[in-house]
Amino acid sequence: MKKYLIRQLINFHTRERSRTYRIVSLIGGGLFFLIILPALFIFIGFFIKDNLPVALDRPAELVISIAGLLVGMSFLIWTTVSQWKIGEGTPAPNAPTRRLVVAGPYRLCRNPIEFGAIFYYLGAGTLVGGITVGIVCFLLGFLIGSAYHKFFEEDELEIRFGDEYRNYKKKTPFLFPRFK
């Protein structure tokens with residue numbers, strides 16, 4: 001089943017995409033990953049908050065929220081620009097890069113989109129519902145994103161980019177950046 005799904009991903013990812021298609025995909029992916037998915041995580045976070053409350057002073061939560069949003073959006077924008085300019089693609093799964101991107105944020109870690117997203121989710125969840133909701137959003141983003149990257153995307157990238165990706169994978173951390 002996994003091999004079949006990876007084969008379908010490769011067939012889907014290797015199609016030629018127009019600039020307009022990539023822009024529409026970027027907007028759609030942005031709406032999903034920056035609004036719909038965090039809203040779902042926040043909803044789950046409120047359920048958990050009711051059963052497992054953790055609290056910080058609101059000013060501390062606001063600092064965490066702003067820091068999470070700034071770090072998250074910085075990485076998300078930087079990564080998106082890198083994928084567009086260097087890789088000729090987008091973070092959206094239906095319009096991926098045509099070339100392996102190893103520069104910009106990708107020199108720090110292999111999954112800077114996920115890194116940015118989990119901090120964005122932490123910031124958004126903390127802003128809307130407090131630190132418990134923020135932590136739930138962070139953990140859900142981390143678990144779901146990491147599972148997808150480890151079980152599907154890495155295999156697909158190895159098939160698409162071969163030794164170039166395998167060498168990159170050996171020397172670059174999975175998620176948390178290594179600042180040199």
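None of the figures in this text is laboratory data; all of them are computed from the coordinates on show. What you see is a predicted model; the values in this text were computed from it and never measured. Because the Cβ atoms are built from the backbone with ideal geometry, glycine has one as well, and the counts that use them run over all protein chains shown.
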- Task: Measure nothing fancy, just the Cα-based angle from helix 37-51's long axis to the longest principal axis of the chain, in degrees from 0 to 90, nearest 10.
- Result: 30
- Message: Please check: in the Gaussian network model of the chain (C-alpha springs, under 10 Å), which one of Gly72, Gly30, Gly45 has the largest mean-square fluctuation.
- Response: Gly30
- For the chain, what is the convex hull volume of its Cα atoms per residue in Å³? 118
- Separation in nanometres of the label points that stand 7 Å from Cα toward Cβ, at Lys85 and Leu62: 3.5
- Message: List the aspartates and glutamates whose Cα sits under 18 Å from the Cα of Lys171, skipping any in the same chain fewer than 8 residues away.
- Response: Glu153, Glu154, Asp155, Glu158, Asp163
- Here the FRET efficiency for Phe46 versus Lys150, based on Cβ atoms and R0 = 25 Å and rounded to 0.05, is 0.30
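Between Thr172 and Val128, what FRET efficiency follows from the Cβ-Cβ distance if R0 is 35 Å, with the result rounded to 0.05? Working shown, then result.
Values: r = 33 Å, r/R0 = 0.95.
Plugging the Cβ-Cβ distance into 1/(1 + (r/R0)^6) gives 0.60.
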- Message: Could you order the peptides 151-162, 103-114, 131-142 from most to least packed, using the average number of other C-beta atoms within 10 Å per residue?
- Response: 131-142, 103-114, 151-162
- Item | Exceeding the 27 Å Cα-Cα cut-off - candidates Lys85/Lys170; Lys3/Lys169; Lys49/Lys169 | Lys49/Lys169
